[in-house]
2 protein chains.
Amino acid sequence: MGTIIAVDIGGTHLRAALYEPDNTKPISHQRVETRANEPGVYDRLEAVIESIWPKNNEVVAIGLASPGPLDPHTGYILKTPNIKEWQNFPLGPNLSKHFNVPTFLDNDANLAALGEWKFGAGSGHHDVLYLTISTGVGGGVIANDALLQGYHGLATELGHVIVDPDGPICSCGFAGHLEAFSSGPAIVKYVLEEMEFGARSSMKRDANLTARVVADAAIHGDALAISAYRRAGEYLGIAVATFLHAFDPSIVIFGGGVSQVGPLLFDSFHASLKKRVFHPRYLENLKIEMAALGDDAGLLGALALAEISL
Amino acid sequence: MGTIIAVDIGGTHLRAALYEPDNTKPISHQRVETRANEPGVYDRLEAVIESIWPKNNEVVAIGLASPGPLDPHTGYILKTPNIKEWQNFPLGPNLSKHFNVPTFLDNDANLAALGEWKFGAGSGHHDVLYLTISTGVGGGVIANDALLQGYHGLATELGHVIVDPDGPICSCGFAGHLEAFSSGPAIVKYVLEEMEFGARSSMKRDANLTARVVADAAIHGDALAISAYRRAGEYLGIAVATFLHAFDPSIVIFGGGVSQVGPLLFDSFHASLKKRVFHPRYLENLKIEMAALGDDAGLLGALALAEISL
């Protein structure tokens, strides 16, 4: 296997890295600002790839991690809220044509799952569930050593499983999704609504409230902040119970900023999960761990995708 | 590939059939009563297999469909409510030893999914979701041409996904599962409870009420019976929306007695599904069909399992 370029299309930065075979340390790495709402994102992407293109020209593939929705089977970005000018956009085909190498595309959560399985916390496992709890909730599943992608390439949109049909409205506009309970913005929204209904808190009720500020307040004993994280953890436990019943993994890996708060979220998560799993065997030898790849999950996932696809 | 024996361990009958390569019509077939609560189920099973064993002795494998929970990786039946004397029982290993051929075991819902994919309604699809709506609710998933089994072999227990955390108690003892809303007994239970709260109906409030009787009443215009099936369909739609978001199949196949009632269940199912799917692309080219294999789903699934495992 030859040299691979991995690309991570993030909300703030476009990153590209060049990897030699069997080495997860890139031999070169570049990034530029995405400026997602300004024209020219695709041109900036081409430029950042060119900036690390090796002189010997020996690149066998480009792996691409991008926010979805997208179609991994065709390399098209679908109608997406993130980068306005990419609507049904042939990202993979365009890059393939320009650089004359095969490209492989999937969404950032699927590729973080793939990266963690191949190089990170899930290494050695055959059945992996990855969840990222952040501004949104995303997920990816490795089932019997294969990435679960689905017919349209839209499998494992795990932030959008319905955990309570009468629950709050999700960022996607539909009711009761996991993301509407356990994402950072959902935690903030719950706090602001409870304040509106008269709940007392040390936190200021303003538009700048963040999940991080709520976490700090909780650590200092604020009851509302504590209950907000407890609720997020409880619904996360309900969802993960359903994911165990659906996918039966040997490891659950958590990534994303909100999952960094520790017991604040995970005490109620574990209690809820234990209460909801309907057969004790699901928990036998089940590992629950934090993601190991950090900010490089997208790049390493894109690398892994190119490696398994070639 | 040589001759395969497929076995279906049902609640009322033990069935065994002998199949030649590339032929889904068995060359011989036998069945005996299971008598699940009486001793000797295993002996009866050995005997029914022996009764169709070919004189030339050329059997390459035995495929086994059984109610779960079970471990397809080891061939053990776990602690199960169905056959009392099989508690952590080495069904596969015992049969392998006795007949001196490899055995392959999985649960009846997974194997109905596999059978429908290989020989039935899902033929030609790569990503299949199968659901059986009957006394219980079971499911199976084919993802990218592979049966989703999971680490413990307990994946796709789709009757036990949580569709409403505050919902009714399931037969398994846990709250709010799909089976507690949409199975035959759940439909009956809802009717009886509504009657207890004073709902009027043409149906008699007694212990012999069945989902079939409720369906007949609904067809004759009984408002309570209609609402019971409508509710079952609504929650089925919520669950299938979550299954699309999780597995993204190209076909959803329905089996089991309750799914035979037609529009009574499926009108509200389709409305609910359409309302809950969070991206229209999941429904593009999605087929929703009835199972094609009928009572032979278990046998043909066991045959398919042996074929893909050899």
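The values are calculated or read from the model by the stated rules, or taken from the named source; none is laboratory data. Model, not experiment: these values are computed from the prediction. Cβ sites come from the backbone with ideal geometry, for glycine too, and all protein chains shown count toward neighbours.
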**Complete:** Given (1) of a type in the set (Lys, Arg); (2) within 12 Å of A:ILE9 (Cα to Cα); (3) assigned to a helix (DSSP H, G or I), A:LYS97 misses just (2)
**Sole residue being among the hydrophobic types (A, V, I, L, M, F, W, C), closer than 28 Å to A:VAL137 by Cβ, out of contact with any Phe, Trp or Tyr (no Cβ under 8 Å at 6 or more places or on another chain) and not assigned by TED's automatic domain parsing to the domain that holds A:ALA155, chosen from A:VAL7, A:VAL41, A:VAL48** = A:VAL7
**Asked** How do the helices (runs of 4 or more DSSP H) wholly within the stretch A:183-270 filter down when requiring 2 or more residues that are within 14 Å of chain B (Cβ to nearest Cβ) and in contact with a Pro (Cβ under 9 Å, 6 or more places away or on another chain): which remain?
**Response** A:223-247
**Request:** Give the number of residues within the stretch A:52-83 that are surrounded by 18 or more Cβ atoms within 10 Å (Cβ to Cβ), over 23 Å from A:GLY40 (Cβ atoms) and either of a type in the set (A, V, I, L, M) or away from chain B (no Cβ under 14 Å) (or both).
**Result:** 2
**Count of the stretch B:223-280 residues which are of a type in the set (Asp, Glu), surrounded by fewer than 21 Cβ atoms within 10 Å (Cβ to Cβ) and in contact (Cβ under 8 Å) with a residue 60 or more places away in the chain** = 0
**Fill in**
Among the residues of the stretch B:21-66, the number that are under 22 Å from the mean Cα position of the chain (by Cα) and closer than 21 Å to B:GLY115 by Cα is 11
**Prompt:** Name the residues in the stretch A:142-157 that are within 7 Å of chain B (Cβ to nearest Cβ), among the hydrophobic types (A, V, I, L, M, F, W, C) and either within 26 Å of A:VAL261 (Cβ to Cβ) or not in a loop (DSSP other than H, G, I, E, B) (or both), would you?
**Reply:** A:ALA143, A:ALA146
**Request:** Could you tell me whether the stretch A:288-304 includes any residue that is within 13 Å of chain B (Cβ to nearest Cβ) and touching a Leu at 6+ places or on another chain (Cβ under 8 Å)?
**Result:** no
**Complete:** Going through (1) more than 12 Å from chain A (Cβ to nearest Cβ); (2) touching a residue at least 24 places away in the same chain (Cβ under 8 Å); (3) not aliphatic (A, V, I, L, M) one by one, B:GLY139 fails only at (1)
**Asked** Looking only at residues in the stretch B:100-119 that are away from every other protein chain (no Cβ under 14 Å) and more than 16 Å from B:ILE308 (Cα to Cα), which one is surrounded by the fewest Cβ atoms within 10 Å (Cβ to Cβ)?
**Response** B:ASN100
**Message:** Scan the stretch B:170-182 and tell me whether some residue there is within 14 Å of chain A (Cβ to nearest Cβ), out of contact with any helix residue (DSSP H, G or I) (no Cβ under 9 Å at 6 or more places or on another chain) and not polar (S, T, N, Q).
**Reply:** yes
